[in-house]
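Every number in this text was worked out from the coordinates using simple rules, so none of it is lab data. Just so it is clear, the structure is predicted and the values come from calculations on it, not from any experiment. Note that each Cβ is placed from the backbone with ideal geometry, even for glycine, and that neighbours are counted across all protein chains shown.
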């Protein structure tokens, strides 16, 4: 079984020469911090800005939180990646075992990751940090 959060080159598979395909992937992570102030509050269209000098390909997710929550994430074209909110209990929160997102999701340089997030703990003040793991994709001129 392959690890979808790792580049194929470390899995013993031949990867095209980046100079031939016109880009190089460099590992990167985008943290997203939010405090959901009220019990069961839904925050929609929370935006996480992507750097303007490189595209981002998202491959995995880890999180910490002070309570349970649910979320929906959108791709680079602002289409939802799930038909509904995903419960945090269904995601991995261990840094050594990130929740893989496969196939990778592309976000354009200067774009944004949109997130809908809702508290499901029933108490206010839920602090959530999401870490989007992947790679910055630098294109050659």
Please give the length that would be gained between residue 92 and residue 64 if that part of the chain were fully extended, namely 0.36 nm times their separation in residues minus their C-alpha to C-alpha distance (nm, one decimal).
9.1 nm
Binning at 5 Å from 0, report for the chain what percent of all alpha-carbon pair distances ends up in each bin.
2, 10, 18, 22, 18, 14, 8, 4, 2, 1, 0
Rg [Å, one decimal], Dmax [Å, integer] - segment 64-136, C-alpha atoms:
12.9, 37
Given the rule -39500 (n - 2.57) for each run of at least 4 DSSP H residues, summed and divided by the residues of the chain, what is its mean residue ellipticity at 222 nm, to the nearest 500 deg cm²/dmol?
-500 deg cm²/dmol
Mind giving me the nanometre distance, one decimal, between the label points for residue 109 and residue 45, set 7 Å out from Cα along Cα→Cβ?
2.7 nm
